[in-house]
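For reference, the structure discussed in these notes is given below.
The values are calculated or read from the model by the stated rules, or taken from the named source; none is laboratory data. All of these numbers come straight from a predicted model, not from anything done at the bench. So basically every Cβ, Gly included, is an ideal-geometry build from the backbone, and we count neighbours across all protein chains shown. Protein only, heavy atoms only, side chains kept; ligands, DNA and RNA dropped before computing areas. Shrake-Rupley method; radii C 1.70, N 1.55, O 1.52, S 1.80 Å.
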Number of protein chains: 2
Amino acid sequence: AQDWPQFLGPNRNSTSPQKGILRSWPETGPEILWTANIGPGYGGPVIKDGKIWARGANDDKGQSFTHFKSVEAFYKATGTLPLNIKFVIEGEEEIGSSNLTKFLSDKKDLLKCDAILISDTNMFQPGVPTITYGLRGLLYMEVEITGPNRDLHSGSFGGAVANPINELAKIISKLHDKNGMVTIPNFYKHVMKLSKKERENFKRLKHSDKNFAKELDVKELQGEKGFSTLERIWVRPTLDCNGIFGGFTEKGAKTVLPSKATAKISMRLVPNQDPQKIAKDFEKHIRALAPKSVKVDVRNLHYGYPVVAPLDGDAIKAASVAASKAFGKKTVFTREGGSIPVVVDFMKKLKAPAVLMGLGLDSDNIHSPNEHFRLENFEKGIISSAYFLDEFSKT
Amino acid sequence: AQDWPQFLGPNRNSTSPQKGILRSWPETGPEILWTANIGPGYGGPVIKDGKIWARGANDDKGQSFTHFKSVEAFYKATGTLPLNIKFVIEGEEEIGSSNLTKFLSDKKDLLKCDAILISDTNMFQPGVPTITYGLRGLLYMEVEITGPNRDLHSGSFGGAVANPINELAKIISKLHDKNGMVTIPNFYKHVMKLSKKERENFKRLKHSDKNFAKELDVKELQGEKGFSTLERIWVRPTLDCNGIFGGFTEKGAKTVLPSKATAKISMRLVPNQDPQKIAKDFEKHIRALAPKSVKVDVRNLHYGYPVVAPLDGDAIKAASVAASKAFGKKTVFTREGGSIPVVVDFMKKLKAPAVLMGLGLDSDNIHSPNEHFRLENFEKGIISSAYFLDEFSKT
């Protein structure tokens, strides 16, 4: 193959003068001439099958760009804008947005506003305009159980001393009751109840447990009894082990009775659970479940507050009308199981409602190879945004 | 530092002509000039503090060498040997002794004998001659639980689908009852009962639970109720998780709802438990404990049979007298919690009793850096072996 030692090729014109290039793609792919691990790479965006493919194409360059384009279009068409607009662009979300909170505090007078419009969430289904009005919060803990002060031979010591993996497993097994509810004391004390209206809204959304299970290749779904799948993901708090490790974890067999075992356990929280209070209750609970024969260390790795917006606010209503107009369908209202901690910061610091007008799809591979964004969503997103400016300016 | 590009230095004489070498060892060690990862290393043996230090000094070069030296001494002193001796030397124990069983079968006429003497175990305490007459067997299984067909985002899916780590933890938590007994059906069905004589023997052995716990830095010991610590290690079967892994196991937090979680679970077995039968019962039990929402894979990695020799055999009696004479103390009889699968092979193929006259100590660091063997045990071991030849020749 020809050497392309710089971006866009040897002549920076994206053109290869090479001869004898394959005209069709062999079924097993072309012959691999060489491979090398060159670390992470960056490529230019590509448009194919009505989608734009690039790192960040969806999350969140593509989604946020719609608002610039709508402002541009509005200005070109009318020579003015229907309301005063302030953009906040931040590039640190994936590394914890550690500077944003202070910025919002420092500049809260400058950023004063009536509503916060964010496009960083997903549509419920392709073509269905979606406003997300609630996000779960997060509490991420790490639990380390220590038995003996060193790894032991399970033959010479097995049966005489507590095994930290077995003990950690017992603790984890007690974090849910038989109905799938979390057993941490006071965990559900402040959980906001699902309103009748929300429950009905959710029921109207097209969701098939059967397809969902099939897509994940499981025989049946599982979770807290008494709630539908969407309710369990969107409005109910959960507890999951995100990772566990201890002892011998390589291939084969080693008869070690390990000194330590560690679990990463996170909770998705819903309004009005307080992650900091729950962290304390969690730690107390874990310590109460552990036997005297082991030592317990509980670490709070990070947390984020849950959020939910009232469905009858002016901004959310305007966004709903705008999205319906752009997509030609009725807007649906969803909550999301994930967390966007900065949304809470924006709302608290700027004392304004946040509207999440999402344009992504679950299938867009965000954070993964082949991330993409549908051009249709990009275009209708621009129109949604323009309609929103118009609608919200009338309130 | 001078270059030593070959074994024993540039002149192969173990002598360094280098000048200006430190005369005393600085408290924080000498300055490190460079480091390099050079892979595993091998050094010559060193004698210091009455111990010989080298890889295999104890396990099992040092221990087995005592018998060659006793035969040599006997022959030098008397010009003859009191009985016919056959040595079997095998170097594959640490990689599973896969050729030994066939060798024992093939050569069973050549190897015909009245007793099998093995030195590959430990003394109960320094200076206390010890015959080990029982070893636990082993069954090593691996359990893999699969939930969804891929790793999921715990925000988007948490609460909707079974989490394989949580489910694996539940399964592990059910493998022991509240008395610390293993819950696998029929697990204890064939377990040989502890005789009154053995129980009394064990009670007479100096063992302090308090010191044992202190040495391992645990607040209290733990295990099956109704049995002493030595009984739990030597004559009771156990089940331990040797390793567990699943999900995100690096530093920090990642909110993955993993597809898989795996545990390595081994059982130490006692006479007359059959590892192969128990493997089947184990698999059935695990499958019964798992919910429908996950897939279960159970793999049998390897196993070894337990063994116990009668205390009133001629060989064991002769070994007891011999060891008492050599060490000047009463011989104690112990069992060991670990497994030496080849002992069972020797006994079965050659139809002769095995006597385990061990000379190691728990503190000898076998399989670890700084493995060593006490010269006193080496010398008294040679004398024990010589006395054994004499005593056993009289039976």
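Taking the conditions exactly as written (touching a His at 6+ places or on another chain (Cβ under 8 Å) and closer than 27 Å to B:ASN179 by Cβ), does A:ASN166 satisfy them or not? Yes; evaluated as a whole, the condition is true for this residue. Applying the criterion of being within 7 Å of chain A (Cβ to nearest Cβ) and over 21 Å from the mean Cα position of the chain (by Cα) to the residues of the range B:210-223, the residue that is farthest from B:ASN179 (Cα to Cα) is B:ASP217. A Cβ distance below 8 Å, combined with a sequence gap of six or more or placement on separate chains, defines the contacts here; from the range A:361-382, residues that are within 12 Å of A:LYS51 (Cα to Cα) reach residues that are aliphatic (A, V, I, L, M) and exposed (fewer than 14 other Cβ atoms within 10 Å of the Cβ) in the pairs A:LEU375/A:ILE47.
Screening A:ASN58 against (1) open to solvent by 80 Å² or more (accessible area, probe 1.4 Å); (2) in contact with a His (Cβ under 8 Å, 6 or more places away or on another chain) leaves a single unmet condition, (1).
This table checks each residue for (1) assigned to a loop (DSSP other than H, G, I, E, B); (2) under 30 Å from B:VAL88 (Cβ atoms); (3) among the aromatic types (Phe, Trp, Tyr).
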| position | (1), (2), (3) |
| --- | --- |
| B:PHE7 | yes, no, yes |
| B:ASN11 | yes, no, no |
| B:ILE32 | yes, no, no |
| B:ILE47 | no, yes, no |
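Table: residues versus (1) open to solvent by 90 Å² or more (accessible area, probe 1.4 Å); (2) assigned by TED's automatic domain parsing to the domain that holds B:LEU389; (3) at positive phi.
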position: B:LYS69; (1), (2), (3): no, yes, no
position: B:GLU72; (1), (2), (3): no, yes, no
position: B:GLY79; (1), (2), (3): no, yes, yes
position: B:ILE85; (1), (2), (3): no, yes, no
position: B:SER97; (1), (2), (3): no, yes, yes
position: B:LYS102; (1), (2), (3): yes, yes, no
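Cβ-Cβ distances below 7 Å connect the following pairs, each with a first residue in the range B:141-155 that is in contact (Cβ under 8 Å) with a residue 40 or more places away in the chain and more than 7 Å from chain A (Cβ to nearest Cβ), a second residue that is surrounded by 23 or more Cβ atoms within 10 Å (Cβ to Cβ) and basic (Lys, Arg), and a separation of six or more residues or different chains: B:GLU142/B:LYS264.
Of the residues making up the range A:248-262, just one is facing another protein chain (nearest Cβ under 7 Å), open to solvent by 10 Å² or more (accessible area, probe 1.4 Å) and under 21 Å from B:LYS254 (Cα atoms), namely A:THR249. Of the numbered conditions (1) touching a residue at least 60 places away in the same chain (Cβ under 8 Å); (2) under 30 Å from B:ASN242 (Cα atoms), A:GLU93 fails exactly one; give the number of that condition. Of the numbered conditions (1) touching a residue at least 60 places away in the same chain (Cβ under 8 Å); (2) under 30 Å from B:ASN242 (Cα atoms), the odd one out for A:GLU93 is (2). If you filter the range A:263-283 down to residues that are of a type in the set (S, T, N, Q) and open to solvent by less than 10 Å² (accessible area, probe 1.4 Å), you find that the one that is nearest to the other protein chains (Cβ to nearest Cβ) is A:SER266. With a requirement of 3 or more residues that are under 16 Å from the mean Cα position of the chain (by Cα), the strands (runs of 3 or more DSSP E) lying completely within the range A:283-378 that satisfy it span A:295-304, A:332-336.
Criterion applied to A:GLY137, A:GLY155 was being modelled with pLDDT under 95 and in contact with a helix residue (DSSP H, G or I) (Cβ under 6 Å, 6 or more places away or on another chain), and the one residue passing it is A:GLY137.
Of everything listed in (1) open to solvent by 20 Å² or more (accessible area, probe 1.4 Å); (2) free of Cβ contacts under 8 Å to residues at least 40 places away in the same chain; (3) in contact with a Ser or Thr (Cβ under 6 Å, 6 or more places away or on another chain); (4) facing chain B (nearest Cβ under 8 Å), the single unmet condition for A:ASP240 is (1). Would you confirm whether any residue within the range A:247-257 is over 30 Å from A:ARG150 (Cβ atoms), of a type in the set (A, V, I, L, M) and assigned by TED's automatic domain parsing to the domain that holds A:HIS176? No, that holds for no residue.
Those helices (runs of 4 or more DSSP H) of the range A:118-237 in which 3 or more residues are open to solvent by 50 Å² or more (accessible area, probe 1.4 Å) occupy A:196-204, A:209-216.
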